[in-house]
Amino acid sequence: MQTTIEERIIAAEQALAPTFARLDAIEIANTRRVLDALREENIAYRHFAPTTGYGYDDIGRDALARVFARVFGTESAIVRPQIASGTHAIALAMQGVLRPGDVLLCASGRPYDTLEEVIGLSGMPGSGSLRDYGVEYRECPLAEDGCVQLEKVVGMIDERVRLVHIQRSRGYAWRQALTVEEIDCVVEAVHAASPRAVVFVDNCYGEFTQTREPKADLLAGSLIKNPGGGIAPTGGYIAGRADLVELVANRMTSPGIGAEVGSYAASYQPFFQGLFMAPHTTVQALKTTALAGKVFADMGYAVEPAFDADRNDIIEAIRLESPDKLIAFMRAIQAASPVDSNVVPEPWSMPGYQDEVIMAAGTFVAGASIELSADGPLRAPYIAYMQGGLTYAHGRIAVAAAAEAIC
């Protein structure tokens, strides 16, 4: 007798019991570090108050930055609703540190699609890319097993290499996300090779998946991913060494003004509350993607990571091998969404991407990847990248719908 999707899910949950227990322990540890940071900064209702104009002495804005710095284990941080996306945060960090004649070295291979025009690998000359400003680009591909080729990276470092970029998450690549420990090894090796070189981590999708963040010189990410907890309505962050964060702040506003200005006419409460919820919400997403990994592997599809592997980002990659199945998968996820469930996703040419992309994102916050969503480029082998999930219960329902659509 043919196994039903519900039977597959029940069997998968039984196999996932040890994985779920491990994830619950991560949630407790991360909730403790966020709670400790909020208490150490004596966060109170006054920090939620909106501001207008220049935003001088905006105590909510500044306290939020200090809390993030404590949580991420860094000297300083910028946390702003005006940072529009993870790409924007990453671009600010790169543009803040790099100067004409410097070299940007990507140690984890080609970065995510939306950074290609920021760097100048694609797009129109004169658009304001790093290449336009005289920044040279070097790239060290990952090894076949998805690990950083540390010796090769070190061999590519000379006195002109100013920024070494590491992408923690997989992007649109068939690989596991980099571990915190692996990133720390890169940081140590780069610093030994060149005291001038700054190690910068694109931390998107990785926050709170482990019990600490990488010990890099700079970290950047989006508040509508993990650290916003599904509550923050917009925004991004850059955290790291105080001198480097100041350089980024000068790029964000202007030299001499830096992080001293910037108001927000709505309440800061969603940002504080979102950070508090982030460890729980991230684990809900991890449980959802672990379930997807087990169910789709049992159906015969290649998945990355395996259901019982350590998870270093909130993404599950499922290789569908067919454009029709990729489209059907996305439409099933969209139909199982709480918002815009009636929308039928179609492939389209999204700004910053090199291939047509199909995306399912029936989210309360538009484009929020910490909410259950999925996307993938229309190119072989037609991989669906599924991420997020505010609740495991919703993730379970959506996984069942997607499995039905492609079985």
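Read-outs throughout are calculated quantities, based only on the coordinates presented, and are distinct from any laboratory measurement. Everything numeric in this text was worked out from a predicted model, so none of it was measured. Virtual Cβ from ideal backbone geometry, glycine too; neighbours counted across all protein chains shown.
Details
- Cα-Cα pairs of the chain separated by more than 34 Å (percent): 28
- Ranked His394, His191, criterion: other C-beta atoms within 10 Å, fewest first: His191, His394
- Over all distinct Cα-Cα pairs of the stretch 51-266, the Kirkwood formula returns a hydrodynamic radius of 17.4 Å.
- The chain - share of DSSP beta bridges that are antiparallel (%, nearest 5): 60
- Only DSSP H runs of four or more residues enter the estimate; each adds -39500 (n - 2.57), and after division by the residues of the chain the mean residue ellipticity at 222 nm equals -12000 deg cm²/dmol.
- Annotation: amide H of Ala49 within the under-5 Å range of Tyr268, sequence separation 5 or more or interchain, hydrogens built in the peptide plane.
- Across all directions, the average projected area of the convex hull around the alpha carbons of the stretch 94-187 is 6.0 nm².
- Shown here for the stretch 48-117: chymotrypsin sites (Phe, Trp or Tyr not before Pro) in loop regions (DSSP other than H, G, I, E, B) with at most 14 other Cβ atoms within 10 Å, namely Tyr54, Tyr56.
- Coordinate range along principal axes, alpha carbons of the stretch 168-283, Å, largest first: 45, 40, 25
- Taking amide H atoms as placed 1.01 Å from N in the peptide plane, the amide H of Cys106 lies under 5 Å from those of Arg138, Glu139, Cys140, His165, each 5 or more residues away in sequence or on another chain.
- Order of Leu219, Leu326 - criterion: other Cβ atoms within 10 Å of each residue's Cβ, fewest first: Leu326, Leu219
- Under a Gaussian network description of the chain, with springs only between Cα atoms under 10 Å, the residue in Ala265, Ala335, Ala173 that fluctuates furthest is Ala265.
- At least 27 Å along the helix axis (C-alpha) and Kyte average at least -0.5, DSSP helices within the chain: 17-40, 269-298
- Looking at the stretch 51-266, the DSSP beta bridges with both ends there are about 40 percent antiparallel.
- Volume of the Cα convex hull of the stretch 269-329, divided per residue and given in Å³: 97
- Compactness of the stretch 222-314 was expressed as the Cα radius of gyration divided by 2.2 N^0.38 Å, which yields 1.49.
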